[in-house]
Structures are given as structure tokens and as C-alpha cells.
1. Farther than 30 Å from Asp210 by Cα, within 22 Å of the chain's Cα centre (by Cα) and not assigned by TED's automatic domain parsing to the domain that holds Ser479: is that true of Thr87 in this structure?
2. Within region 517-526, is even one residue at pLDDT below 85 and small (Gly, Ala, Ser)?
3. Checking the structure you have, find out if any residue of region 292-299 is within 20 Å of Gly281 (Cβ to Cβ) and part of a loop (DSSP other than H, G, I, E, B).
4. For region 318-341, name all the residues that are closer than 17 Å to Glu278 by Cβ and in contact (Cβ under 8 Å) with a residue 60 or more places away in the chain.
5. Across region 131-152, what is the number of residues that are more than 22 Å from Arg384 (Cβ to Cβ) and out of contact with any strand residue (DSSP E or B) (no Cβ under 6 Å at 6 or more places or on another chain)?
6. So, of the residues in region 95-140 that are within 17 Å of Gly165 (Cβ to Cβ) and among the acidic types (Asp, Glu), which turns out to be farthest from the chain's Cα centre (by Cα)?
7. Based on this model, can you work out whether Leu313 counts as closer than 25 Å to Ser285 by Cβ and outside the structural domain of Gly437 (by TED's automatic domain parsing)?
8. Name the residue that is modelled with the highest pLDDT, counting only residues in region 268-325 that are at positive phi and not small (Gly, Ala, Ser).
Amino acid sequence: MIKGYAGRVLEVDLSARTFSFEPLDEEIARLYIGGKGYGARLLYDRTPPGIDPLGAENLLIFATGPLNGSVAPQSNRFAVVCKSPLTGGIGNATCGGSFALGLKKAGIDILVVQGESPHPVRLEIDGDADEVQFLDASDLWGKGTYETQRELSRKMQHAVIGPAGENTVLYAGIVSNERIAGRTGVGAVMGAKRLKAVSVNGRRKLEMEDPEKFKEYTKEVREIFKDHPVLGESMKRFGTGAIVNTTNGRNILPTRNFQKGHFDGAMKISGEWIEDHELKGVKTSCIHCPVTCGRDVEVEGKGIVKGPEYETLALMGSNLEVSDIKKVSEWNYLADDFGMDTISLGATLGFAMELGERGMLDVDLQFGDVAGVSQMIDDIAHRRGLGSDLADGTRRMAEKYGGKEFAPHVKGLELSAYDPRGSFAQGVEYATTNRGGCHVQGASMYLESVGPLTINPQNLKLKADIPIVQQNLACAINSMVLCIFTTYGIVPKAVHEMSPESLTYKLLSKALENSGPMFRFAQGIKGNPMLWFEKWLTLITGIKFSSGHLQEIGARIFNLERMYNLREGLSEADDTLPDRILNEPTFEGMESGHPLGKLLPSYYRKRGWDEHGVPRPDTLEKLQVSV
């Protein structure tokens, strides 16, 4: 077995109450690494087309990668893969916390859960004894994620759901410690299986090809991160909330259900404001992560809790035209405790507010007014009254009440907090990403509108190229399984320190903007360059990786996911953006919105797909994607 892997897959059948330990498929590991890549391969191979995402046939796959269990910064995350009840296509989410470390210590790379229990159940996995206990969870059913974890064994690591998952809210997530695998409804799948919690422990150690070199190199990377202007300074000081003022200044902060990109009250929901007025206790991080992007704040009646991050600040702050940071923090706490994705939740609340404003929905929620929001979040989690409709997300709400043209989703997954009218590559990424409107499947906006060296975000140059490179890299990162924030370190400190008004900066930006042929050529180079992702993989597994290798592996995963979506009935018609984003301008001089129609054909061609967005046979053969 390749080093870095435990070499085992745990298969659990909730219907039959059976389990077995099977060998990890080394060929799949070589082709897809682990994490969401390995999970997508299993989901494609082991489920028939057309299954009900909330039915017993759907698999719930918890997947680690070869870096999990190491001390590499930002490496202790796990992926969850299943058919998404929100989109009907590929579903996946990643999460920090401690559960990934628990799985690897138990000698488990992949946990596959199939079937469904007739009543609430939880699993306790002892990796040392190779035992799995199926325990009644009726006493935990209905409890929030925080209380549930407090009542479980402190000697084990946990992944749990809250009431939102139990009641199959279609954007429910799975929680480990204070972190959440939030997107695509993975928590709803867990709830439909009546699986309240998975607890795991063990004492096995990760085997590496060269542990001494890995240790020494990791020290070097930690120093790089420590000295980096984002990872070691702005994010460490202000958390992800530092992005609020950046996106607001560049007119891409979602405001009033994506009607605008600028919010006058942005400063009061920013990371800088939290630092000065709201921060309590310590700044927190996931295991072995030096960035400490977590923020503790105080919520009335709840004490010191985890504070909101950028996506929550935007979607439940500016998107609702709310600048009351205390209320946003309260809503963030409720969402985490109920086990809900705050991106989809905030977007759905904003959509409901606009429906109400237009007289299309009888709802006591208004932009700029905090009244009724906390109660509605509770109603959504428990599917009470109108909350049951909001629990199904914006696409289904638009089908029932109207408003399709301003429903903020792609493929059924609500848009994250970067308005693509001021970030054209990000718009292409939203439209084409397999799980829907999500930013962490590529983060193209970092290279064109919110990073330290930005190209013109509103011309067509490189806008079909950046998403491909970024999507491929994100697929590989999420299969290792690393935090996407580790990619921020790619842009060196020297670039951050350049003045945007300097000639050097302007020349470098213009050179990047016009680097299309070289940009595409660099994707395929194998051997060098090697960044920390590839060096860590190489030192752990003993197999030499380069940036080109990760691009190839990422493309393989991305194309497999695409084939899964096509198999499940998605098509080129789903590679689009909301009509509001396509047709309503938010910048002076713009006659319409995002020019997706001009960019999509080029994206398809450069992906090796036909004009309908279907991967060509030679593309699949080259990437070794069997379907």
C-alpha cells in the first residue's frame, strides 16, 4: 500500500446492521488521491442512475486523504460525498474539526455508509479493536450539534447532525467540533438515514515515506505561512471577515438579494469591526493550523461561541441589508447548532424577503429588519409552517412562488458571497462547477478581483482559462484533503507588498492578463514546479508529484463529476447564472450583467468537451476516466 494511507475502507450497512473492513483500492488512490475524488469514484461506480438522494440507495461517504493525520498545516479535514438532495447531482462538502484525525487514527481511509436505519442510531467505531457498535440515538434526536457532541464520549472524535439534518433541510450539514461540512445537503442525507452521529477512535500512526524530511519541510512551510501577508497577518488578525471591506470596495459584496454589490453598513460586519468591538477569548483554528481564522464572540444567552466567517457575514449580513453584527453572530450560532449551511440559508432568507417585498409571498421578513429572522431559522430547521418551504432552498421556492429570474442559485445550490458581475472568471466558475454555485471549488475571484495581484475582472481575457486551472487545483486539494486557504500562499509576499500604483505592479498585472497561451501551457508541465501541496504528497507517499500532476488529477476528478451529473440528468442548460446576474448591471457603463454566453463555448473547448458540454471520448481516455 502507498504510504500515507491506512489501507482500509470501512463499509457500514444501516439497514442490515452489518459492517466490514475492506482493502483500499490502490489504483483508485493513485488516480484520485482520496477525499472527494475517491468518494466521487465510489459514488459513480456503486449507485445506479436516478436514485432518490434521500433514499436508502444513496451512499454517504466520509473520505480522508494521505495528508490527514500528519502535522501539515491545514491538513486535518475530511470530505463527505453523496448524491445531493439539493441539486440532484454530485454532492460534496469538506470540514475541519477532529473527525478526519479520528478516522486515520482508527486506521480508516474511507467510511461508506449505506442503507437506512428504522429509528435514530449512532455509530461508535473502535479502530484498535476493529469493532463498530450500532447504538440507539433516540435520546439525542432533536438536540443541537453542540449539545450532542457534549453528551458523546470525550475520548472519541465525532461527526454529527442537528435538527436540520434530522428534518432533511436540503442544505443541512454535518458538524465536527465547531466546523461544518455545509454545502449540498450532506446533512440531510445523513438525517434521512436516521444516523445522528459517528464517533471514532484509535491509536494508529500515519506511515510516511520520508518522515524526517516531511517534518523539516513542514517547519519551512510554517515559517512561510507565518511571514505571509494573508496567512500570517490579515487572516490571522481579522479572520476571513477581512474580505468584507475588500469585496465591498470592489462592488461585489452581495447586497439585498444580489441586487447590488455595495453595502453602506459593511464596516460594521467586517473582520476589522469584530477585532475592535466583538472579539472575546481566543482566536481558534483547526488541528495543526497556524492561521487561526476562527473568532470567538459573545451571543446573548449562549455565552462565548464561534463567530461568523466571511460567507456568513455577507449572506446573512449585507445580503439581508443587516449591519447588526450581534444579530448576525446569533444567526450564525443558530445555524451551526441546528446544522445548516449559512450560505444557502442566508441566500434563501434574502430571496424570501424579495418575494415578500414584491407581494409574491406572505412572509414577515424585510430587508434591513432583524425581526423574525431568528424564529424563521428555527422554523426552517424544524420544517414548521413557511419554514418548510424555505428548507427546500431557492430553486424549489421559485418553482412554487415565482421569482426564478432573481433566485440566487446555480444547479440548485445557492451562490456564495462574490457577485460575478465584477468578477467574470468567478461567474464562469459558478456556472460550470459540478456541485453548483460555490466558490471553494476554484476561487477564481482571488486571481482577478480580491487577491493582491488582480487582472481586469471585467474583460474577457483569461476568463475561461482561470476557472479551469482553479477548479482542477481545488479538486486535487479537496482530495488530499487540505483547506483551500493554503492556496493563498501561492502569491508570494513580494507581490503583496507592491503598490497597485507602481509601474512594476501594472506591468505584472498586464502581463498576467495577456498570458493566455503560457497559462494554458503551464498546466501540463510535470516535474516542476513543486509547491508545498506536491512536496508534502511526495514526501508522504514516495510518489513524485508536481503542479502538472495535480492539474491532471484534478481534471480527472472534475470530468468524472461532470459525467456523474450528465448521468443524473443535468445538462448544458444547467451551466448558467441567475437571470439577474446575466441581465442586470451593477457597474457604470455596463449595459447588462455577466457575459457568460461569450465565455462558455471557449471554456467547453479548452476543457476538451463538445459544444454541448459533454466530455469528448478522447478527453476521458486521456484522463483515464472510465464511465
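1. Answer is yes for this residue.
2. Yes, because at least one residue in region 517-526 is at pLDDT below 85 and small (Gly, Ala, Ser).
3. Yes, that holds for at least one residue.
4. Once the filter is applied, which keeps residues that are closer than 17 Å to Glu278 by Cβ and in contact (Cβ under 8 Å) with a residue 60 or more places away in the chain, region 318-341 yields Ser318, Ser323, Asp336.
5. 5
6. Asp139
7. Considered against the rule, which asks whether it is closer than 25 Å to Ser285 by Cβ and outside the structural domain of Gly437 (by TED's automatic domain parsing), Leu313 comes out as yes.
8. Glu321
The values are calculated or read from the model by the stated rules, or taken from the named source; none is laboratory data. Small disclaimer: the values here were computed from a predicted structure and weren't measured. Reconstructed Cβ throughout: ideal geometry from the backbone, glycine too, with neighbour counts over all protein chains shown.
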